[in-house]
Amino acid sequence: MKPSPNAQSSSEVSVDQRTWPAVSVIMPVLNEERHLADAVGHIMQQNYPGELELVLAVGPSRDRTQQIANRLAAENPRVIVVSNPTGRTPQGLNIAIKASQYSILVRVDGHSLLPSDYVRAAVETMEETGADNVGGIMAAEGVTPFEKAVARAMTSKIGVGNARFHTGGEAGEVETVYLGTFRRTALERVGGYDETFVRAQDWEMNHRIRQSGGRVWFTPRMKVTYRPRPNLRALARQYFHTGRWRRVVGREHQGTLSLRYLAPPIAVIAMAGGAVAGAFGFWPGWIIPGGYFAAVIAGSVPTGRGLPSAAWVRLPLVYATMHISWGLGFLTSPPRLGQPKV
C-alpha cells in the first residue's frame, strides 16, 4: 500500500497539531565506566515526541567504557557507537556530528544526567528564539562530602563568577552555555569544533557562532545534573587546564578576556608578590594572601548553608583550589598551546 500523501516524514513527528523535528544527541566518552549507563538511560527516557538518536564517540578508555557502550547499542537500535581514536573531546564531537543524521544536535557529556524534559525544552526554546545554540544550567550535584562542597562552589559566584549557566538567572542572549543544543546549519557554517582546542572548545565555538551572526541563548528551563571531580587532585587538574585553555581562547580571539577571567591570575600574582615581600621582611605583604584566605573562609559561611558539616568544612579549600589552579594555569599557558603542530 502506498503511503498517504499527507503522511509525515520519517524524521518528523506530529503531536497536538505540531511537527517535532528529529534530534541527534552526540556524546564523546572516555573512561566513563562509572556514569555512562546512567547518562545514556536519561537520554533514552526523554519525554520528547519526535525521533531521537544517540551517537557515542568512544575514545581508547582504560576502563570498561567501550564494552558498556557496545552493550547499550546492542540493547537499543537508537544508540550508535563510533570510534574516536584520539580520545579528545573536540575530535569526538566532530566524529559524532558526522555520524549523526538529524538537523538538531544536542551535546551531552558522559557524566551528565538529563532531566526527562531537556530535549523538548531545548527544541521549544530554539523555535521560540530563533537561536543557533541554546543551553541551560550546569547543575552540579555531589555524592560524597568533597563532591558536595565542589558542587556548591561551582554554583556560587564566589567560585565561578556570574556566568548564568553556573548560577542561574533570566533567559536571554549570552556569550556561551553549558553543552548546548545546536542547529546543524550553524555548525556547518562555522566549520564544526576547532580540534586544536582540547579544552574550552565550547566557549570558542560559541564565539565563532556569534561572530557569524548567530545567537546563543540561555534558558533556566534546561538543567543538566553534573557530577563534580571526586578529589582535590582531580579538581586542581581540571581547573589548571581550564585556565590554560581559556588563555588560548583569549590569544586566538582578542578582546574576549573580561575581569571574570582575569581575576584568578591577578589574585595569584598579588598573593605571590605579598608572600615574597613578607618573606623578605616586609611584613605588610602577608596581608594580601592572608586577606584572600580570610575572605574565602568568610564567604564559605553563607554559601555553605545547608551543606552537611563534612562538606562545609571542605568548602574553603575547594574555593582556594579552584581559584589558584585556574590562575596558575592561565599564567603558565605556553604560547604554543593550541597552535597546530608543524
Exercise. So which of Val313, Val296, Val318 is β-branched (Val, Ile, Thr), open to solvent by 80 Å² or more (accessible area, probe 1.4 Å) and within 22 Å of Ala234 (Cβ to Cβ)?
Worked result: Val313
Seminar exercise, completed: Those helices (runs of 4 or more DSSP H) completely within the stretch 147-221 that have 1 or more residues that are closer than 22 Å to Gln238 by Cα are 157-160, 164-167, 201-211
Exercise. Do any residues in the stretch 228-255 that are over 16 Å from Thr332 (Cα atoms) have Cβ atoms under 6 Å from those of residues that are open to solvent by less than 60 Å² (accessible area, probe 1.4 Å) and of a type in the set (D, E, K, R), where the two are at least six apart or on different chains, and which pairs are they?
Worked result: Pro228/Glu147
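Being within 16 Å of the chain's Cα centre (by Cα), modelled with pLDDT of 95 or more and basic (Lys, Arg), is that true of even one residue in the stretch 161-170?
no
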Exercise. What is the one condition in (1) farther than 27 Å from Leu36 by Cβ; (2) in contact with an Asp or Glu (Cβ under 8 Å, 6 or more places away or on another chain) that Gln211 does not satisfy?
Worked result: (2)
Seminar exercise, completed: Residue count, the stretch 321-336, condition modelled with pLDDT of 95 or more and open to solvent by 60 Å² or more (accessible area, probe 1.4 Å), comes to 3
For this session: Find the residue count for the stretch 299-322, including only residues that are free of Cβ contacts under 8 Å to residues at least 12 places away in the same chain and in a loop (DSSP other than H, G, I, E, B).
Result: 3
Problem set entry | Test set (1) touching a strand residue (DSSP E or B) at 6+ places or on another chain (Cβ under 7 Å); (2) under 18 Å from Arg34 (Cβ atoms); (3) of a type in the set (S, T, N, Q); (4) touching a residue at least 24 places away in the same chain (Cβ under 8 Å) - Ser83 fails condition number | (2)
For this session: Could you check Glu127 against (1) more than 19 Å from Glu170 (Cβ to Cβ); (2) touching a Pro at 6+ places or on another chain (Cβ under 8 Å) and say which number it fails?
Result: (2)
For this session: Give the residue, chosen from Arg237, Arg247, Arg260, that is surrounded by fewer than 18 Cβ atoms within 10 Å (Cβ to Cβ) and touching a Ser or Thr at 6+ places or on another chain (Cβ under 8 Å).
Result: Arg237
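Out of all the residues in the stretch 122-154, which are of a type in the set (A, V, I, L, M) and under 18 Å from the mean Cα position of the chain (by Cα)?
If we filter the stretch 122-154 for residues that are of a type in the set (A, V, I, L, M), which is where we start, we get 122-123, 126, 131, 134, 137-140, 143, 149-151, 153-154.
Matches in the stretch 122-154: Ala122, Val134, Ile137, Met138, Ala139, Ala140, Val150, Ala151, Ala153, Met154.
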For this session: For Val224, state whether it is assigned to a strand (DSSP E or B) and either open to solvent by less than 20 Å² (accessible area, probe 1.4 Å) or of a type in the set (D, E, K, R) (or both).
Result: yes
Problem set entry | Matching residues in the stretch 13-29 - criterion: being open to solvent by 10 Å² or more (accessible area, probe 1.4 Å) and at pLDDT 95 or above | Pro21, Pro28
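The values are calculated or read from the model by the stated rules, or taken from the named source; none is laboratory data. Note that the structure is predicted; figures quoted are calculated from it, not measured. Here the Cβ is made from the backbone with ideal geometry for all residues, glycine too, and neighbour counts use every protein chain on show. These area figures cover heavy atoms from the full protein model, side chains too; ligands, DNA and RNA do not enter into them. Shrake-Rupley method; radii C 1.70, N 1.55, O 1.52, S 1.80 Å.
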